[in-house]
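Heads up, the thing below is written out as structure tokens.
The values are calculated or read from the model by the stated rules, or taken from the named source; none is laboratory data. Because the structure is predicted, anything quoted here is derived from the model rather than measured. Heads up, the Cβs are rebuilt from the backbone with ideal geometry, glycines too, and the neighbour counts pull from every protein chain shown. To get the accessible areas, we keep the full protein, side chains included, count just its heavy atoms, and leave off ligands, DNA and RNA. Shrake-Rupley method; radii C 1.70, N 1.55, O 1.52, S 1.80 Å.
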Amino acid sequence: RVPSSPNGEVILVYSPKGGVGCTTVATNLAVALHNDETPVVIVDGNLQFGDVAVMLNERSRNSIVDLAPRADELDPDVIDNVLITHPSSGVKILTAPSRPEYAENVSGDQFSKIINYLRQLFSYVIVDSSSSLTDIVLSAIDTSTLVILLVSQDIPSINNSRLFLDLADVLGFKRSNLVFVMNRYDKRIAITPEKVGENLHQEVMAVIPSDEKTVVPSVNRGIPFVLNQKGRSSNVSRAIFDLAEIVRQKTGSD
């Protein structure tokens with residue numbers, strides 16, 4: 001059985017500066033979006049040092065490296081053998097290679113083909129990526145329906161976001177397909193989402209508060225905070241569910 005046409009949405013979670021929390025946002029967003037009607041797969045696009053499996057407390061013998069040579073002849077069985085299922089949420093995971101040097105075995109073209117195939121099987125393909133503009137990241141931008149661009153309240157992060165927005169314009173990526181998100185927001189810091197949005201001519205559409213008491217134990221245990229009973233009621237969880245709602249509205253999925 002080969003699916004007929006791509007109908008899933010590809011959501012890239014990206015920041016041009018490392019350490020802004022992309023993997024935490026991507027994994028929790030994947031869990032928030034996943035249900036029986038809208039199944040989700042999360043793809044670790046940081047092929048050298050990806051943390052998606054660690055954040056979900058999973059290990060896999062197989063990874064994207066096993067799909068790359070077969071990118072032109074994928075079928076649901078092949079995919080099924082390589083993806084792993086996160087037991088407590090049902091989200092499927094396509095992990096990064098087990099060693100950094102294996103990353104060079106996946107080309108940008110192969111990555112695109114794999115993502116486009118996954119679109120035919122899942123409602124949402126969430127891609128977590130590195131901050132470097134590698135061929136993999138550029139192909140992820142190219143195949144994305146939406147790019148969730150994360151920024152934090154520091155000048156280097158804001159400046160890098162400005163550079164990325166300029167690049168998006170050059171690449172012809174529509175700004176309407178960008179969801180600009182401030183992560184780890186601390187209201188004691190004078191740099192507000194409004195000021196950043198004004199400064200970069202790109203509205204900050206969602207704000208995820210800083211909440212180390214919820215996030216750090218969640219990361220260390222490999223349990224997304226949106227799943228944890230205590231974590232679910234936190235402001236940071238509510239912000240992720242709000243972001244999931246923005247994604248659903250912008251992609252037209254209920």
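Looking only at helices (runs of 4 or more DSSP H) that fall completely inside the stretch 33-100, which ones have 3 or more residues that are open to solvent by less than 20 Å² (accessible area, probe 1.4 Å)? Please lay out each step first, then the result.
Working: elements: 52-55, 64-67, 76-82.
Output list reads 76-82.
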Exercise for review: Go through (1) open to solvent by less than 70 Å² (accessible area, probe 1.4 Å); (2) at pLDDT below 95; (3) at negative phi and name the single condition Lys174 misses.
Suggested key: (1)
Check your understanding: Given the structure, is Ser132 part of a loop (DSSP other than H, G, I, E, B), of a type in the set (Ser, Thr, Tyr) and modelled with pLDDT under 95?
Key -> yes
Point to revise | The listed residue being touching a helix residue (DSSP H, G or I) at 6+ places or on another chain (Cβ under 6 Å), closer than 29 Å to Ile191 by Cβ and touching a residue at least 12 places away in the same chain (Cβ under 8 Å), out of Leu67, Leu146 | key: Leu146
Exercise for review: Take Leu138 and decide whether it is on the phi < 0 side of the Ramachandran plot, assigned to a loop (DSSP other than H, G, I, E, B) and either surrounded by 15 or more Cβ atoms within 10 Å (Cβ to Cβ) or not polar (S, T, N, Q) (or both).
Suggested key: no
Revision key, fill the gap. When the stretch 101-122 is checked residue by residue, the ones that are under 26 Å from Asn57 (Cβ atoms) and assigned to a loop (DSSP other than H, G, I, E, B) are Val106, Leu121, Phe122
**Study point:** Any helices (runs of 4 or more DSSP H) falling wholly within the stretch 154-254 and containing at least 3 residues that are of a type in the set (Gly, Ala, Ser)
**Key:** 155-171, 235-251
Review point. So, in the stretch 228-240, of the ones that are surrounded by 15 or more Cβ atoms within 10 Å (Cβ to Cβ) and modelled with pLDDT of 95 or more, which residue ends up nearest to the chain's Cα centre (by Cα)?
Key: Ile240
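Give Gly90, Gly50 a once-over and let me know the one that is at positive phi and either under 20 Å from the mean Cα position of the chain (by Cα) or without any contact (Cβ under 8 Å) to a residue 40 or more places away in the chain (or both).
Of the residues listed, the single one that is at positive phi and either under 20 Å from the mean Cα position of the chain (by Cα) or without any contact (Cβ under 8 Å) to a residue 40 or more places away in the chain (or both) is Gly90.
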Review point. Among Ser157, Ser210, Ser132, which is open to solvent by less than 10 Å² (accessible area, probe 1.4 Å) and either under 20 Å from Gly108 (Cα atoms) or of a type outside the set (A, V, I, L, M, F, W, C) (or both)?
Key: Ser157
Exercise for review: Among residues belonging to the stretch 1-16 that are at pLDDT 95 or above and open to solvent by 20 Å² or more (accessible area, probe 1.4 Å), point out the one that is nearest to Pro156 (Cα to Cα).
Suggested key: Pro16
